[in-house]
Amino acid sequence: MDVNPFTKFAVLVVDIHPINVNFCDISGHWAEANVDQAVSSGIVNGYADGTFKPGKMVSQAEFVVMLMNTLYAEAAR
């Protein structure tokens, strides 16, 4: 499986309170723990339909939101 380098993301460690993540499409996925951590950190939110869509390419707009939420983690919460 080829991985597009633009779809990778970095998660910075911050002191946060856990959030219950319950996306219907990440159970058993190799990145499930990373998705849980990114959501708990306020970096990503998933989609309105209750999915995360782990196989979907990240758009430029989504990447910018993740970057800003990472840089300004306190404001994202």
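Taken together, the values in this text are just the output of simple stated rules run on the coordinates, not laboratory data. What you see is a predicted model; the values in this text were computed from it and never measured. Here the Cβ is made from the backbone with ideal geometry for all residues, glycine too, and neighbour counts use every protein chain on show.
Key figures for this structure:
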{"read-out": "Scaled radius of gyration (Cα, divided by 2.2 N^0.38 Å) that the stretch 22-76 gives", "value": "1.10"}
{"read-out": "Highest average packing first - 46-55, 31-40, Cβ atoms within 10 Å", "value": "31-40, 46-55"}
{"read-out": "Contour excess over end-to-end distance, with Cα ends at T51 and E32 and 0.36 nm allotted per residue", "value": "5.6 nm"}
